[in-house]
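The values are calculated or read from the model by the stated rules, or taken from the named source; none is laboratory data. Just so it is clear, the model here is predicted, and its values are computed rather than measured. All Cβ positions, even for glycine, are placed from backbone atoms using ideal geometry, and neighbour counts span all protein chains on display. When the accessible area is computed, the model is the full protein with side chains, heavy atoms only, and any ligands, DNA or RNA have been set aside. Shrake-Rupley method; radii C 1.70, N 1.55, O 1.52, S 1.80 Å.
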Amino acid sequence: MPEQSQTIMAVDELQAIIQRCQILEEADFKGEDFSLFQVAGQKCLEDGYAAQLLEVIQNEKNKVIIKNMGWNLISPLVRCIFMYKQEDDKREHCLKILDQLAQLCNPKELFLGLLEQIEQASGEQACQTVMLLLRPLQTVLLKLQNKKAYSLGLSLAMIMNQLTPLPVPYTKQQIQEDKLGLCQCCNAVVDFTKPFVNEVIKNMEKSSEYNDMELKEELLKFCMKCLKYPLLTAQLEQLEGIEEHPFRHFATEIIDILWDIKELIPLVFLHHKSISSHWKNQEFADIERKNSADSLACLSYLMFVQHFGIDCFPMVFSPSYLLQCNMTHIEVLLKRTEESMLSKGLDLVKVMTLCPIEHLRKKSLHILQLFIDKFDTEGKYALFRCLLKTSNHAGVEGYIIKNIKDQIHLSLTRTCDNIWFTGHHLISLLDLVLLLPEGAETDLLQNSDRIMASLNLLRYLVIKDCESDNQTGVWTTLAKIEQNFLKPLHVGLNMSKAHYEAEIKNKKENRREAHSSNTVCSVTVSGEKMPAMTTEMQLQVLHSALFTFDLIESVLARVEELIEVKIKAVMDENS
């Protein structure tokens with residue numbers, strides 16, 4: 001009974017304030033009226049009587065009161081919406097109140113109230129608050145005639161400020177879980193901008209000399225921020241089991257906005273060092289220039305690697321000019337230490353491995369070495385780890401392993417300490433190098449460049465690093481190396497040699513039975529049909545493979561011999 005009377009009192013208080021204000025002119029509303037309305041309305045919400053409050057707001061007689069005072073209810077309303085469960089009727093009433101306030105309240109006052117709620121949201125509630133308030137915020141912004149562009153810019157900046165501190169889901173599991181709702185929120189924010197994009201498009205269609213650039217500039221700023229976060233950090237490769245990748249969808253939407261406002265192509269060819277800054281303070285100007293460089297590098301990656309918006313791209317530029325334009329962006333990405341960003345720059349590797357023109361492959365390899373040389377030892381270490389994980393190409397991996405060997409050599413021959421290519425850091429790197437990707441089942445021929453480079457590195461370590469010094473840590477981890485690399489390699493070599501020897505025997509027998517030794521067969525490589533091969537040509541290929549296996553086997557035997565000699569020498573010393 002006391003609870004019921006308290007609730008009735010809250011509703012009665014609200015009705016009393018409403019009745020008093022109904023007889024006043026709009027200009028006669030006082031500060032006290034606003035406070036009393038807010039307190040009574042908040043009490044109704046908190047006591048679970050949103051339905052009664054909704055009736056008051058929907059009453060036509062109260063239109064002027066709600067227009068002036070309704071925005072004060074935004075804060076308690078948001079709190080209550082999150083307090084109630086999804087299926088609760090009270091939550092539904094609160095959502096209807098929010099929609100009504102967006103329609104009825106003074107746009108300027110409500111705009112500030114909504115922004116305040118977004119600004120106060122943080123952590124786990126940031127995305128949920130933004131998504132809740134996007135529709136009423138859009139409604140209010142569309143009503144604003146003066147300062148619409150400024151208000152939109154302020155809204156988007158505030159939203160991005162709240163989202164940017166959140167971690168970007170990267171793995172398949174993280175993207176599917178979307179724990180904080182970032183994936184969903186990003187796409188909701190893009191939908192929020194669409195009426196304003198359409199307004200810019202219509203204005204540009206009306207006049208070729210579109211002078212009202214403010215709205216367009218705010219949308220451009222938003223797209224640039226989205227390119228830096230979350231897209232620069234996001235995993236954008238197609239993932240099996242995810243029908244519509246949320247960040248790929250988001251990237252498509254951002255590219256579409258840039259195309260619609262006629263800024264996509266100009267941005268692709270904009271050199272970040274030529275960007276003019278509005279800041280007089282040099283420190284702020286440098287920050288803005290760096291942010292722009294990151295955004296433009298991401299845009300370049302989206303277009304030229306992931307092919308977003310490539311259909312819009314004019315095919316009139318020479319490959320050398322496009323390479324020149326992209327080198328700046330590649331440099332920006334390769335200077336980053338974060339794996340998600342560095343790997344985007346490393347998609348340059350595709351040129352080295354997939355380009356059919358030999359001199360371009362060699363040139364790109366030379367460029368990669370120049371970039372490697374620009375890094376300090378810590379940067380080289382991070383770069384090598386990332387390349388070994390992402391290149392998926394034995395030739396590139398072999399090249400990186402050779403670079404690792406060079407760095408170890410510098411570490412062992414210089415007096416200054418290099419923690420990155422000795423000790424536990426190096427052991428961690430060797431775990432990626434001294435193993436067969438698929439154990440004994442690894443295709444040894446396909447991976448021969450990597451395997452030979454790994455054996456040469458291990459031979460170098462055994463020769464140069466005494467067991468008593470163990471600077472590289474190789475002697476500590478020898479048992480793991482034998483288990484993960486040397487033993488499977490022995491098994492793999494025996495299996496591969498037996499297989500190829502059997503193939504050679506079959507070919508020779510088939511050749512005798514065939515009408516002619518010029519019998520041909522077709523071979524397909526990477527989906528491309530290769531020129532037909534005669535039996536003699538096939539035999540040459542098979543013998544060449546056996547020669548490769550023999551070469552690997554001889555180096556393996558030499559490495560094991562060196563290990564045995566070193567271990568025996570130490571045992572003799574200790575005995």
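Assuming 0.36 nm per residue, please report the length gained on full extension of the stretch residue 312 to residue 440 beyond their Cα-Cα distance.
Values: separation 128, 0.36 × 128 = 46.08 nm, distance 4.72 nm.
Roughly 41.4 nm would be gained on extension.
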Across 148/262; 147/194; 344/374; 216/344; 362/497, pairs whose alpha-carbon gap is larger than 22 Å: 216/344; 362/497
Can you tell me the orientation of helix 319-334 relative to the chain, as the angle in degrees between its alpha-carbon axis and the longest Cα principal axis, to the nearest 10? 80 degrees
(1) 22, 56, 21, 1; (2) 20, 49, 23, 7, 1; (3) 16, 35, 28, 16, 5, 0: which one is P(r) over Cα pairs in 20 Å bins from 0, in percent as calculated from this entry? (3)
For residue 108 and residue 484, what is the calculated FRET efficiency with R₀ set at 45 Å and r taken between the beta-carbons, to the nearest 0.05? 0.10
Could you tell me how many degrees, from 0 to 90 and to the nearest 10, lie between the Cα long axis of helix 126-143 and the main elongation axis, the longest principal axis, of the Cα atoms of the chain? 50 degrees
In degrees from 0 to 90, rounded to the nearest 10, what is the angle of the helix 89-104 Cα long axis to the longest principal axis of the chain? 70 degrees
State the percentage of accessible surface on the chain attributable to carbon and sulfur atoms; use a 1.4 Å probe and exclude ligands, DNA and RNA. 51 percent
Run through the range 357-457 and list the trypsin sites (Lys or Arg not before Pro) located in a DSSP loop whose Cβ has at most 15 other Cβ atoms within 10 Å. 414
Per-residue accessible area, 1.4 Å probe, largest first, puts 325, 386 in the order 325, 386
So what J values fall out for the range 247-263 if you push phi through Karplus, 6.51 cos²θ - 1.76 cosθ + 1.60 with θ = phi - 60°, rounded to Hz, Gly and Pro as x? 7, 5, 5, 4, 4, 4, 5, 5, 4, 4, 4, 4, 5, 4, 8, 6, 10
From the protein chains alone at 1.4 Å, what is the descending order of accessible area for 551, 133, largest first? 551, 133
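Name the GluC sites (Glu not before Pro) in the range 21-51 that are in a loop by DSSP and that have at most 16 other C-beta atoms within 10 Å, would you?
On the way: sites: 25, 26, 32, 46; in loops: 25.
Here the sparse-neighbourhood loop sites are 25.
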Need one value: the accessible area of residue 170 in square angstrom, 1.4 angstrom probe, rounded to the nearest 10. 70 Å²
Å² of accessible area per residue within the chain, as computed with a 1.4 Å probe and no ligands counted: 54 Å²
Run lengths n ≥ 4 of DSSP H only: what is the helix-derived mean residue ellipticity at 222 nm for the chain, with -39500 (n - 2.57) per run over all residues, to the nearest 500? -22500 deg cm²/dmol
³J(HN,Hα) across the range 166-172 via Karplus (A = 6.51, B = -1.76, C = 1.60, θ = phi - 60°), whole Hz, x for Gly/Pro? 6, x, 7, x, 10, 7, 4
Could you tell me the relative contact order of the chain? Use alpha-carbon pairs under 8 Å, at least six residues apart, and round to a whole percent. 7 percent
Under the 0.36 nm per residue contour assumption, what length would be gained going from the current alpha-carbon distance of residue 205 and residue 432 to full extension? 76.1 nm
